[in-house]
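In what follows, a structure is listed as C-alpha cells, so that the remarks can point back to it.
Since every read-out is calculated from the coordinates, none of them should be taken as a lab result. Not measured: the values here are computed from a predicted model. Neighbour counts are summed over all protein chains in view; Cβ atoms, including those assigned to glycine, are modelled from backbone coordinates with ideal geometry.
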Amino acid sequence: MTGLRRIALLAGLLGLPAAVNGGDAGVELTVLFSPAVHAALESIYGTAEEAVLQRTIRERVTAALRGAGCDGASQAEITLLEARPTHPTDKQLMDNPALDRLRTRFVGGATFGARLLDAAGHELKSLRYDWYAEDIRHGSRSAAPWGDARLASEGLGSQLAHECRALASAHQPAR
C-alpha cells in the first residue's frame, strides 16, 4: 500500500475533517440532533447510535459535496429532526427479545433541517429534506440498522450539492 493510500485510509477511519480526506475543503460540516432525536436515542434506540448516525450523515453529505463548488458557503449545518431505523438497534434487541436483527425490518428514513452559511455565519440557504422508504420492499438492502437513514443522508447531500451549485452560478460575474 502506498503512503498516500495509507494516509487516506487512516483519515477516513479516524473521521478527520473533509478537507483532509478529499472533501470540499471550503465547507465545514456540523451535524446536530433535535431534542426529539436525543429523546428517541435515550429511550428507544440507544445512545450509542448517536455516533453511528453522526458518522453516517457526515460521510454521505461530505461525499456528495465533494467537487460541488460550494465557493460561497463555508459551513453546512445539518440538524437531524427525526430518524427511524431499518433494522432493530442493539437497545431495541435487548429490550424486546422477539425482534430479530436481520429478519425484523422497519420502514426507516430521516428528516433533516440544513443551512448553508457564509464565513461570517450568515445564512445563504436553508432547506428541509426528508426521505422514508415507501415500504420495506423499497428501503435499504443493508443489514445495518440505519440503512434507510444512510439513503436519506445521501439524498440530503445531493440536495445540498445542488443548492451549492445554484448559489455559485448566481454569484458568478457576468462576462
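The table for this structure:
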| item | result |
| --- | --- |
| Extension gain (nm, one decimal) between residue 126 and residue 168, 0.36 nm per residue minus Cα-Cα | 13.6 nm |
| Neighbour net charge for residue 152 - beta-carbon separation under 11 angstrom, K R +1, D E -1 | -1 |
| Residues residue 74 and residue 135, FRET efficiency given R0 of 41 Å [Cβ-Cβ distance, rounded to 0.05] | 0.55 |
| Amide H contacts of residue 86 (H built 1.01 Å from N, under 5 Å, at least 5 apart or other chain) | 146, 147, 148, 149 |
| Cβ-defined net charge surrounding residue 139, 12 Å radius [Lys, Arg +1; Asp, Glu -1] | +2 |
